[in-house]
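**Q** First the structure, then my questions, so here it is.
A short reminder: the numbers here are calculations on the coordinates, not readings from a lab. What you see is a predicted model, and the numbers here were worked out from it, not measured in a lab. Methodologically, a virtual Cβ is constructed for each residue, glycine included, from the backbone with ideal geometry; neighbour enumeration extends over all protein chains shown.
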Amino acid sequence: METIKQILIILLAAGLIFAMMLPLAQTDWADEVRNTTEMEGGEGGEGQMRGDMPASLMLIMGFLKETIIMLVSGVITLGIYRLIKRSSRRRKVSKATG
Amino acid sequence: MKEKKKKSLNESNFWVNLVLFAAFFIVSAPQSTGIPIHEWLSFVFAVPIIWHLVLHWKWIVKVTQRFFKPLPSETRFNHIWDVLLFILMAVVFFTGVLVSEVALPMMGIPLEIDPFWSSLHNTTSNLLLVMTAIHLAVHWDWIVKAFKRYLFRKPVSQKA
């Protein structure tokens, strides 16, 4: 029963986000995006690129793209996170030793 | 008894997270999988996401209640980040539904694709990759420990 309640809250929260997102389609920003996409000619260069590429390369490229994006942002974050932790530990030690 | 329950909860947490990551990795590469797999798997992906949140429910409630009281800055950051991640995931999911080329038409709901939703879906899904990577990075120590403990069955020291 408790789990069902939790799931319902999660779904309700997601539904609220959806409801808040829908009016965005009526904004000037949305019109601007539509005009830009129209001027660029539909889906843009990626669709054209897809047609020119062999299937095996397409398979690799998709996963490669996300691996690179995730690796780069993850490694940078991990570096910063470790630096922050080390400096806060050092601060604590220097506080404790006076 | 309590310790045993916590251990099994940690283990199920690990396996759910592993399934979640594998699904996320496949779902995030529509160029590789093709649109039909991308769309159908996105619907299935909602299950491990909800499961992940249910498994962390106690933490979510506890931190939300104490949000305006003194909290470790790491916990506060994680909470804010997780809320943003949830919002972004919902946006990616719903914009994906609104530009569905296969799944919804197959269910008898033909859609006229709005380039605005399409563009928003592309942008937010790229941002989601970065935000998920940051989420994984801040939990990296737990991930490494869980891999050693539950996948490679190696004894792990209790120190983080």
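**Q** Place a +1 charge on the Cβ of each Lys and Arg in chain B and a -1 charge on the Cβ of each Asp and Glu, then give the dipole magnitude about the Cα centre in debye, rounded to the nearest 20.
**A** Details: 16 positive and 9 negative charges, 320 e Å.
In debye, rounded to 20, chain B gives about 1540.
**Q** What is the ratio of the Cα radius of gyration of the range B:1-132 to 2.2 N^0.38 Å, where N is its residue count, to two decimals?
**A** 1.24
**Q** For B:VAL99, what residues show an amide H to amide H distance below 5 Å, using hydrogens built from the backbone and excluding near sequence neighbours?
**A** Sorted by chain and number, the residues that satisfy this come to none at all.
**Q** Hand me the chymotrypsin sites (Phe, Trp or Tyr not before Pro) from the range B:100-160 located in a DSSP loop with no more than 16 other Cβ atoms within 10 Å, in residue order please. Display every interim value, and only then the final one.
**A** Values: sites: B:PHE116, B:TRP117, B:TRP140, B:TRP142, B:PHE147, B:TYR150, B:PHE152; in loops: B:PHE152.
Passing sites in the range B:100-160 are B:PHE152.
**Q** Evaluate peptide B:132-141: per residue, the Cβ atoms of other protein chains within 10 Å of its Cβ; return the mean as an integer.
**A** 6
**Q** So if I take the centroid of the Cα atoms in the range A:49-98 and the same for the range B:108-157, what is the distance between those two points in Å?
**A** Measuring centre to centre over Cα atoms gives 12 Å.
**Q** Which loop-located chymotrypsin sites (Phe, Trp or Tyr not before Pro) does the range B:1-79 contain, where loop means any DSSP state but H, G, I, E or B and the Cβ has at most 16 other Cβ atoms within 10 Å?
**A** On the way: sites: B:PHE14, B:TRP15, B:PHE21, B:PHE24, B:PHE25, B:TRP40, B:PHE43, B:PHE45, B:TRP51, B:TRP57, B:TRP59, B:PHE67, B:PHE68, B:PHE77; in loops: B:PHE67, B:PHE68.
Passing sites in the range B:1-79 are B:PHE67, B:PHE68.
**Q** On to the next question. For the protein assembly as shown, what is the mean residue ellipticity at 222 nm derived from helices alone (per DSSP H run of n ≥ 4: -39500 (n - 2.57); sum divided by total residues; nearest 500 deg cm²/dmol)? Numbers along the way, then the final one.
**A** Values: 12 runs with 205 residues, N = 258.
Value at 222 nm, helices only: -26500 deg cm²/dmol.
**Q** Let's see if you can work this out: charge +1 on each Lys and Arg Cβ, -1 on each Asp and Glu Cβ, no other charges. What is the dipole magnitude of the protein assembly as shown about its Cα centre, in debye to the nearest 20?
**A** Values: 28 positive and 19 negative charges, 658 e Å.
With only Lys, Arg, Asp and Glu charged at Cβ, the dipole is about 3160 debye.
**Q** For the protein assembly as shown, what is the largest minus smallest coordinate of the Cα atoms on each principal axis, given in angstrom and ordered from greatest to least?
**A** The Cα atoms of the protein assembly as shown stretch 65, 43, 39 Å along their principal axes.
**Q** State which stretch of chain B is the longest one without any exposed GluC sites (Glu not before Pro), exposure meaning a DSSP loop state and at most 16 other Cβ atoms within 10 Å. Walk me through the intermediate numbers first.
**A** Working: sites that count: B:GLU101, B:GLU112.
The longest uninterrupted stretch comes out as B:1-100.
**Q** Now a separate question. Enter the mean number of other protein chain beta carbons within 10 Å of the beta carbon of each residue in B:93-102, as an integer. Numbers along the way, then the final one.
**A** Values: counts 3, 7, 3, 0, 1, 4, 0, 0, 0, 0.
Mean inter-chain Cβ contacts per residue within 10 Å come to 2.
**Q** Just round it to a whole percent: the fraction of Cα-Cα distances in the range A:52-98 exceeding 11 Å.
**A** Details: 784 of 1081 pairs.
The proportion of pairs with Cα distances above 11 Å equals 73 percent.
**Q** To one decimal place, what Kirkwood hydrodynamic radius in Å is obtained for chain A from all pairs of distinct Cα atoms?
**A** Values: mean 1/r = 0.0510 Å⁻¹.
Over chain A, the inverse of the mean reciprocal pair distance is 19.6 Å.
**Q** Which whole number gives the average count of other chain Cβ atoms within 10 Å of the Cβ atoms across peptide B:68-79?
**A** So the per-residue partner count for this stretch is 1.
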